[in-house]
Amino acid sequence: MAINNDVLPSSSSSSSYSSSFFIFASSSAFTALVVLLLLFLYSNKVVKPRRRDVKPCLKLPPGSYGWPIVGETAEFFRRCMEGAPETFINDRVERYQLVQYKYCPFSFNIVQYYCSFLTRTYVICDDQGKEEVTVFPAAKLYLFELACRLFLSLEEPQCIAKLAADFNIFLKGLVSNPINFPGTRFYKALRATAAIKKQLVTLVRQRKVALQMGRASPSQDLLSHLLVTPNQNGAFMSEAMIVNNILMLLFAGHDTSAAAITSLVKALGEHPQVYHKVFQAEQSEIASSKVGAAGDDELLQWEDIQKMKYSWNVVSEVMRLTPSGIGVFREALTDLKYEGYDIPKGWKLYWSASFTHRDANLFPEPTKFDPSRFDEGGDHTLIPFSYVSFGGGPRMCIGKEFAKIIILTFLHHLVNRFRWDLVIPDEKVEYDPTPIPVKGLPVRVLPHIPSVP
């Protein structure tokens, strides 16, 4: 099973990103029945596992192909639902005494303005008077609205809500079995994708008219830029390509960051000493410097973000222990050798961020929450490509700085106004495919008590 390219946009910009969120999943009763039937046949020796079509002289990495057709998907999926995907890798490393083995899968200013405006809206207005807030759905809506405003200048609540509802269905089907049958995730996701594209086509055509009439600016947002900017050959993007790119950016611009913000709120609730250091030693000082002559808070600037070094260390440690993307697949484009083993052309290569981040050879006491690992010039020296929350090399996530801005802006406004307690201290986290607390992380929000002069 693989990410459904039928659900994803077809533009070339989407293909590299989609592989970063590969995960095995199954959503339909039909699929479950098929798997059970295959397991029954296998256990009764009606079906036997077969070797893949590889040259017999090759020295392949040790390992198992698992069950027929399904491979080891069920085991991998179970570990993800337990909130510990790295244990799938750990068990096989210990079994084969190798870090490689084989297994069978299925085949700045406008930004800061909106960040500050929406963060204040969601953190202050929406939660005013509420004793309990569920973090994950609130974070997703906040970030989706932010993406809509930045990329499309879209502010109508009803339109944003409709897009958000369709996107939630789309995301569920992104990592499902490609069975286009009523009731399955894939079936629902295809229809949600069509509905999203229909809405985006309408917005694109409206913007074309607005640009022609002078009611919109060519530099207004990403949509205008895509419409008025030709490539090096003087050709403009087609309407379908613009829609596909916007769809992908709306997806990439909010889903994983919502998971990261949720994990951050959870970690700060679990480690009050870290929360107090973030608040008292860093964020409160920055907030004090932003009070204007009229008593209004000024917007954060890039220089303020750069001062949040400890806060970003905390975010980095959160994403080390709970990466928003647990791994990436690539395909061997040619036969290659690695540490004495043959990797045939066409084989899928998978590296696991969750396993790498908990490798004791790379991170001493890997399960300990320790933001000082990321101190510049500190005792810990990060080995290149050991911390891969944003990937690495020429295909590093292009949205890293964007994610940094929105996460730190949200954190700044949150800790300067509230403290919180976790309603469910040991709430289970599932990867589907991003790490999501099963109850959405409900917290009790408490405003800071003003100090008396």
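The values are calculated or read from the model by the stated rules, or taken from the named source; none is laboratory data. These figures come from a predicted structure and were not determined experimentally. Positions of Cβ are generated from backbone atoms using ideal geometry, with glycine treated the same way; all protein chains shown enter the neighbour counts.
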Within region 148-162, is even one residue hydrophobic (A, V, I, L, M, F, W, C), modelled with pLDDT of 90 or more and not in a helix (DSSP H, G or I)? yes
Checked against (1) within 30 Å of Gly83 (Cα to Cα); (2) modelled with pLDDT under 90; (3) surrounded by fewer than 16 Cβ atoms within 10 Å (Cβ to Cβ), Asp296 satisfies every condition except (1)
Flagged in region 379-417 as surrounded by fewer than 12 Cβ atoms within 10 Å (Cβ to Cβ) and either on the phi > 0 side of the Ramachandran plot or modelled with pLDDT of 90 or more (or both), in numbering order, are Gly393
When region 433-449 is checked residue by residue, the ones that are part of a loop (DSSP other than H, G, I, E, B), surrounded by fewer than 19 Cβ atoms within 10 Å (Cβ to Cβ) and hydrophobic (A, V, I, L, M, F, W, C) are Val438, Ile449
Exercise. Has region 442-451 got any residue that is polar (S, T, N, Q), farther than 20 Å from Trp312 by Cα and touching a Ser or Thr at 6+ places or on another chain (Cβ under 9 Å)?
Worked result: no
- Can we say His276 is surrounded by 14 or more Cβ atoms within 10 Å (Cβ to Cβ) and either under 30 Å from Ile424 (Cβ atoms) or among the basic types (Lys, Arg) (or both)? no
* Test: residue in region 392-403 that is touching a Phe, Trp or Tyr at 6+ places or on another chain (Cβ under 9 Å), outside any loop (DSSP other than H, G, I, E, B) and under 14 Å from Ala260 (Cβ atoms) -> yes
The condition of being among the acidic types (Asp, Glu), outside any strand (DSSP E or B) and either modelled with pLDDT of 95 or more or closer than 21 Å to Asn90 by Cα (or both) holds, among Glu365, Glu376, Glu430, only for Glu365
| query | Could you say whether any residue in region 173-184 is of a type in the set (Ser, Thr, Tyr) and farther than 30 Å from Ala74 by Cβ? | reply | no
Of (1) assigned to a loop (DSSP other than H, G, I, E, B); (2) over 19 Å from Val388 (Cα atoms), Pro323 fails just (2)
Restricting region 195-237 to residues that are polar (S, T, N, Q) and over 24 Å from Gly253 (Cα atoms), the one nearest to the chain's Cα centre (by Cα) turns out to be Gln232
Residue count, region 164-184, condition part of a loop (DSSP other than H, G, I, E, B), of a type in the set (A, V, I, L, M) and farther than 17 Å from Ala252 by Cβ, comes to 1
Checked against (1) crowded, with 21+ Cβ neighbours inside 10 Å; (2) more than 18 Å from Tyr142 (Cα to Cα), Leu264 satisfies every condition except (2)
Filtering helices (runs of 4 or more DSSP H) wholly in region 232-311 for at least 2 residues that are out of contact with any strand residue (DSSP E or B) (no Cβ under 8 Å at 6 or more places or on another chain) and closer than 20 Å to Pro371 by Cβ gives 255-270, 272-278, 284-288, 302-307
Worksheet item: Within region 329-344, is even one residue at pLDDT 80 or above, surrounded by 16 or more Cβ atoms within 10 Å (Cβ to Cβ), of a type in the set (A, V, I, L, M) and part of a loop (DSSP other than H, G, I, E, B)?
Response: no
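Across region 185-227, which residue is modelled with the highest pLDDT among those that are charged (D, E, K, R) and not in a helix (DSSP H, G or I)?
Arg215
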